[in-house]
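This report concerns only the one structure given below.
The values are calculated or read from the model by the stated rules, or taken from the named source; none is laboratory data. The model shown is predicted, which means the values in this text are computed figures rather than measured ones. Neighbour counts are summed over all protein chains in view; Cβ atoms, including those assigned to glycine, are modelled from backbone coordinates with ideal geometry.
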Amino acid sequence: MNIGVFDSGLGGLTVVKTMLEYLSGANIYYVADTANAPYGEKPKEQILDFSIKITDYLISQHNIDALVVACNTATSAAINDLREKYPNLIIVGTEPGLRPAISHSHTKEVGVLATPATLNGEKYITLRDELSNEFNTYIHEQACHGLVQQIELGELESNKTMDMLEIWLKPMRDAGVDTIVLGCTHYPLISDSIKKIMGQNISLVETSKPILKRLMQLLSEKNISSSGENRLSLFTTGKIEPSMIEKIFDKKITIEKIVL
């Protein structure tokens, strides 16, 4: 089976890593749209345009059976339009794990780290209000301006990154937040940095396994299956940090630059 995955940069590879652990016989084609990164502070219309161009490329060049939008921002901005434009394509999006975070929290103080576009998304706001009222939970939101860029540069524990995190996380720490939603697929890459500031007992909620579960369910419903080894092909539209890819997968992987 041919599966297309895209994100504005390296973040979606955290989802791909989980897919490679549990799928068999999958040809995974990953597009890092680094020429247009980060998506988080761009207009919705622009993000939709990027998403359509990438999807067209994956369909025409790699004949994909399914598409994983491994980006919270692109999911918020484009998922409905993508499903309408490509009705025969399996499409799985990415959304912040608010429900499992609220269920897990003992203090009922839950933090959300995300991009501005994700936090301003209509679907997210509706879900946040519904769940916070239903479970009497306070949601501490933080738009992390510039954090994706730091991660893309490989600066996971640099002084600048740690200073940014300290400013954003201190109010959550002081409020007794015990669970934080990683509302961007880049953010699992700085889990250790977050734990250094919040303490090792902090629970971090990311969504790679729920994405995989949904993808496998939809593939099964369409009787799409395969066996054997997985194969990963990486494409980028701009500059990318090879050392970060090696860090994620513990090996070097060839990267091909494309023009969309």
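General remarks:
- Every listed requirement among (1) closer than 14 Å to Thr236 by Cα; (2) free of Cβ contacts under 8 Å to residues at least 40 places away in the same chain is met by Tyr29 save one, (2).
- When the stretch 120-157 is filtered for residues that are surrounded by 16 or more Cβ atoms within 10 Å (Cβ to Cβ) and either touching a Phe, Trp or Tyr at 6+ places or on another chain (Cβ under 7 Å) or part of a helix (DSSP H, G or I) (or both), the ones remaining, listed by number, are Tyr124, Arg128, Leu131, Ser132, Gln142, Cys144, Leu147, Val148, Gln150, Ile151, Glu152.
- Residues that are of a type in the set (A, V, I, L, M), over 17 Å from the mean Cα position of the chain (by Cα) and farther than 21 Å from Leu212 by Cβ were ranked within the stretch 58-106; the one that is surrounded by the fewest Cβ atoms within 10 Å (Cβ to Cβ) is Ile59.
- Scanning the stretch 189-237 for residues that are part of a strand (DSSP E or B) and more than 21 Å from Asp33 (Cα to Cα) gives Ser203, Leu204, Val205.
- Failed item in (1) farther than 24 Å from Ala32 by Cβ; (2) in a loop (DSSP other than H, G, I, E, B); (3) assigned by TED's automatic domain parsing to the domain that holds Leu10; (4) of a type outside the set (Gly, Ala, Ser), with Val177 passing the rest: (3)
- In the stretch 178-210, the residues that are in contact with a His (Cβ under 6 Å, 6 or more places away or on another chain) and within 15 Å of Ala114 (Cβ to Cβ): Thr179
- Those residues of the stretch 17-34 which are closer than 18 Å to Ile59 by Cα, not aromatic (Phe, Trp, Tyr) and not in a loop (DSSP other than H, G, I, E, B), in sequence order: Asn27, Ile28, Val31, Ala32
- Screening the stretch 123-138 for residues that are under 24 Å from Tyr39 (Cα atoms) and without any contact (Cβ under 8 Å) to a residue 12 or more places away in the chain and picking the one that is farthest from the chain's Cα centre (by Cα) gives Thr126.
- Residue check, Ile167 crowded, with 21+ Cβ neighbours inside 10 Å and part of a helix (DSSP H, G or I): no
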